[in-house]
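Reviewing the structure listed below.
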Amino acid sequence: MGSDGKYNAAKLALELVKDGMVLGIGSGSTVEIFLNLLGERIRKEEMEIYGVPTSYQSHFAAIRNGIKIVDLLEHSEPDLCIDGADQVDSKMNCIKGGGGAMTREKIVACASKKVAIIVDESKLVEKLSMPVPVEVLPFAYGYVSKKLKGLGAEVKLRHGSGKVGPTITDNGNFILDCDFGEIVNEKVERLEKDINSVSGAVENGLFPKVIVDEVLVGKS
Ligand code: 5RP
């Protein structure tokens, strides 16, 4: 599975892009494949595409591919947001944040006119079950952990590679991976709100189906 599926999903997303569009640009390897394909089109068709990136990774990839970087100050409503996901359930609820970029990803998705999620088949599940990433202000780490345990999660502080200690997000925060077990489809929206209502929790990786317009599945 994996990269063929990701490539095919990215190709499907390419068909949604029109000259002059402002894109919300998610993060991750599938999005990077999409940006590389878009770059080829930009060069061939001399298109003008603007993009609001959600991480340094997608920022660099967008620049490499001739996308003009803009921000939400200038364009508060991007035409189309393209992003990947770590799991998608049968109702189109998603978990994101494998790359730790879910805070900006959710802001840009919510701001955009349309949101298309690109995944390979391995990401499809009946119910969401992987740990939910929660971005947390370092100052609030102890308190937020306790509250998330109170909501039923097993909580782990994410550690990165290439540096000792916790992973630090592009916003300077910690990530807690919170295992709630299987999440019933109907409870995703409630849980997303409950997590965000803890003071010090900045945002979480649950993307309820109301945020998602389309899921494009690339088959291998
Ligand atoms: C980053 C994300 C990514 O979209 C998600 O992890 C999927 O990544 P990939 O396309 O590499 O499988 O949410 O925060």
Q. Taking a ≥ b ≥ c as the square roots of the eigenvalues of the Cα gyration tensor of segment 103-160, is the shape rounded (a/c under 1.5), prolate (a/b larger than b/c) or oblate?
A. oblate
Q.
Would the chain count as rounded, prolate or oblate if I go by the C-alpha gyration tensor, calling it rounded below 1.5 in a/c and otherwise prolate when a/b exceeds b/c, oblate otherwise?
A. prolate
Q: Would you mind computing, in nm to one decimal, how far apart the modelled labels at Ser161 and Asp4 are, each placed 7 Å from Cα along Cα→Cβ?
A: 2.5
Q | Rounded if a/c under 1.5, otherwise prolate or oblate - segment 132-204, Cα gyration tensor axes | A | prolate
Q. By a straight-distance test (C-alpha under 18 Å), which aspartates and glutamates pair with Lys219 as possible cross-link partners, with residues fewer than eight away in the same chain excluded?
A. Asp4, Glu15, Glu32, Asp83, Asp86, Asp89, Asp120, Glu121, Glu126
Q: Would you please give the FRET efficiency between Ser29 and Leu72, computed as 1/(1 + (r/R0)^6) with r the Cβ-Cβ distance and R0 = 22 Å, to the nearest 0.05?
A: 0.35
Q) Of Val164, Val215, Val88, which has the most accessible area with a 1.4 Å probe, and how do the rest follow in descending order? A) Val164, Val215, Val88
Q.
I'd like the antiparallel share, as a percent to the nearest 5, of DSSP beta bridges with both residues in the chain.
A. 50
**Q.** Mean separation of Cα contacts under 8 Å, 6 or more apart, over the residue count of the chain: relative contact order %
**A.** 26
Q: Note the full-extension length gain between Ser90 and Asn36 as 0.36 nm times their separation in residues minus their Cα-Cα distance, in nm to one decimal.
A: 16.5 nm
Q. With labels modelled as points extended 7 Å from the Cα through the Cβ direction, what inter-label distance (nm, one decimal) is found for Glu126 paired with Asn171?
A. 3.4
Q: Take the cross-link list Lys96/Lys209; Lys123/Lys149; Lys147/Lys209; Lys68/Lys113 and give me the ones stretching past 22 Å between alpha-carbons.
A: Lys123/Lys149; Lys147/Lys209
Q. Longest span of the chain, sites excluded, free of GluC sites (Glu not before Pro) in DSSP loop with at most 15 other C-beta atoms within 10 Å?
A. 127-181
Q. Going from most exposed to least, what order do Ile69, Ile95 have by accessible area with a 1.4 Å probe?
A. Ile69, Ile95
Q: Within segment 1-43, list the trypsin sites (Lys or Arg not before Pro) lying in a DSSP loop whose Cβ has at most 15 other Cβ atoms in a 10 Å radius.
A: Lys18
**Q.** Simple spin-label estimate for Glu46 and Ile63 in nanometres, 7 Å along Cα-Cβ
**A.** 2.6
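The values are calculated or read from the model by the stated rules, or taken from the named source; none is laboratory data. Since we're looking at a predicted model, the values are computed, not measured. Here Cβ is always computed from backbone atoms with ideal geometry, including for glycine, and neighbour counts include all displayed protein chains. Side chains are part of the model used for accessible areas, which takes the heavy atoms of the whole protein and leaves out ligands, DNA and RNA. Shrake-Rupley method; radii C 1.70, N 1.55, O 1.52, S 1.80 Å.
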